[in-house]
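One structure is given below, encoded as structure tokens.
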Amino acid sequence: MRFHRHPATGTLIAAAFLLAMQSAAAADLRVHVKDDTGKPVADAVVYVSPRDGAFPKTPPREHVVMDQRDREFVPYVLPVQVGTPVQFPNSDNIRHHVYSFSPAKTFELPLYKGTPMTAVVFDKPGAVALGCNIHDWMIGYIYVLETPYFGKTGDRGEARLSSLPAGEVEVRVWHPRLKDGVDKTLRPVTLSAGGETRVEFAIGLNPDRRRPRPTDYDPADYQYN
């Protein structure tokens, strides 16, 4: 008896083989960031750039959120790729007035509740500091990157980046309180295909100058209907 293979079967086999080859050629990176006293640093953006500066043509994510909950920006730091639209929902039961005067993105969302109909597109690389015109202790950051390879450290100061191109790359770290420029953190790294590379950074941080939240805070004082 002779069996006939469906043409689609060959296509699926070829696709699976290509995927396996790409996975084998991909690399992982684990980065640990600490301050100059040895303490882990949370909310540090870790990103990887090709050594030749040729960034891949990877489309940005279509839906990214910077929320406002309990009169704070959540998350405190949000890394995004250039061209990413970001929604600014207000999950509180009072109005917020979000703004930024940063050169990388200047915009204003006047007093509102709920979610604005239009997202804000971050089309230039750089740090964008966010504030609320009503609650002056609220501050957040969006860090806009040209590379699609980035992550953010958690409370243990660790970030893991997966499916990176193997070979020679440059790794940098950014933080809102970074004492020196981000290029001072540049670290040449060779990523091994099919393996995990580990890198540690020790960075200097400026004092945290965020205005403390009022201890006698009463939400009724900030109702704008």
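Each value in this text was obtained by applying a stated rule to the coordinates, not by laboratory testing. Treat the numbers as computed from the prediction; the structure is a model and nothing was measured. Don't worry about glycine lacking a Cβ; one is built from the backbone with ideal geometry, like all the others, and counts go over all protein chains shown.
Quick notes on this structure:
- Charged neighbours of His96, selected by a Cβ distance under 14 Å, balance to -2 (K, R count +1; D, E count -1).
- Calculated FRET efficiency for the pair Ala26/Tyr76, C-beta based, R₀ 22 Å, to 0.05: 0.15
- Charging the Cβ of each Asp and Glu at -1 and of each Lys and Arg at +1, and nothing else, the dipole of segment 56-146 about its Cα centre rounds to 140 debye.
- The Arg211 and Lys113 beta-carbon pair, evaluated with R₀ = 22 Å, returns a calculated FRET efficiency of approximately 0.40.
- Overall form of segment 56-146 per C-alpha gyration tensor (a/c, 1.5; a/b vs b/c): prolate
- Cα centroid separation, segment 170-216 to segment 129-164 (Å): 11
- Cross-link reach list, lysines versus Lys152, counting only Cα pairs under 28 Å and skipping chain neighbours closer than eight places: Lys34, Lys39, Lys57, Lys105, Lys124, Lys179, Lys184
- Candidates per GluC sites (Glu not before Pro) in segment 107-199, loop by DSSP, up to 15 other Cβ within 10 Å: Glu146
- Contour excess over end-to-end distance, with Cα ends at Glu200 and Asp36 and 0.36 nm allotted per residue: 57.8 nm
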